[in-house]
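Everything on this sheet refers to the single structure shown next.
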Amino acid sequence: MPRVLLQALDIGFFVLHSAIVLLNVFGWMWRPLRKANLVMLLLTLASWTLMGVFYGVGYCVCTDWHFRVRQALGYHDLGGNYIGFFTWKLTGYLPPESLVRTGCAVIFSVSLIASLWVNLADFRKNRAAAVASTQPT
């Protein structure tokens with residue numbers, strides 16, 4: 001594959017994966033993104049667990065593809081996961097793997113619970129409004 005294409009893919013994965021992380025962590029806070037946030041959180045959970053059965057718990061297909069592109073570019077600065085790599089890329093500090101995995105699990109769990117909570121509240125509110133609009137006045 002031409003180096004320029006690999007470099008474009010590296011940048012594209014960096015932007016895409018960072019956007020996914022931001023959506024996962026903060027998407028539940030903004031009503032228009034709540035459904036997409038919940039779907040992305042469930043897809044992430046499926047990757048980490050279901051695909052993790054075959055590739056190791058915490059497996060992320062996006063990280064795998066991105067790191068393969070970076071390896072093809074000759075980079076060997078990857079660490080074990082995207083968040084550690086992202087932290088290193090932004091700050092020059094590569095945090096311990098255990099800290100990154102624990103932090104990811106905690107933040108992901110809080111985000112998933114928050115997303116389930118607000119999506120359920122939105123569903124109940126919309127259902128109540130629909131029922132109210134069908135009743136005679």
Next on the checklist: Tell me yes or no: at least one residue of the stretch 91-112 is under 30 Å from R3 (Cα atoms) and either touching a Phe, Trp or Tyr at 6+ places or on another chain (Cβ under 6 Å) or modelled with pLDDT under 90 (or both).
Outcome noted: yes
Checklist entry - Name the helices (runs of 4 or more DSSP H) wholly within the stretch 33-80 that hold at least 3 residues that are open to solvent by 60 Å² or more (accessible area, probe 1.4 Å) and over 14 Å from F14 (Cα atoms)? => result 34-49, 52-55
Item to check | Scope the stretch 30-41; condition in contact (Cβ under 8 Å) with a residue 24 or more places away in the chain and under 12 Å from the mean Cα position of the chain (by Cα); matching residues | outcome: N37, L38, L41
Checklist entry - Restricting the search to the stretch 90-116, which residues are exposed (fewer than 14 other Cβ atoms within 10 Å of the Cβ) and either in contact (Cβ under 8 Å) with a residue 40 or more places away in the chain or outside any helix (DSSP H, G or I) (or both)? => result G92, Y93, P96
Next on the checklist: Based on this model, can you work out whether T44 counts as β-branched (V, I, T) and more than 12 Å from the chain's Cα centre (by Cα)?
Outcome noted: no
Next on the checklist: Restricting to the stretch 1-19, and then to whatever is open to solvent by less than 40 Å² (accessible area, probe 1.4 Å) and not small (G, A, S), can you tell me which residue is farthest from the chain's Cα centre (by Cα)?
Outcome noted: L6
Checklist entry - Hey, among G80, G58, G27, which residue is free of Cβ contacts under 8 Å to residues at least 40 places away in the same chain and either of a type in the set (G, A, S) or touching a Lys or Arg at 6+ places or on another chain (Cβ under 6 Å) (or both)? => result G80
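The values are calculated or read from the model by the stated rules, or taken from the named source; none is laboratory data. Here the structure is a predicted model, which means the values were calculated and not measured. Every residue, glycine among them, receives a Cβ derived from its backbone with ideal geometry; neighbour counts consider all protein chains shown. We work out accessible area using only protein heavy atoms, side chains counted, and drop any ligands, DNA or RNA first. Shrake-Rupley method; radii C 1.70, N 1.55, O 1.52, S 1.80 Å.
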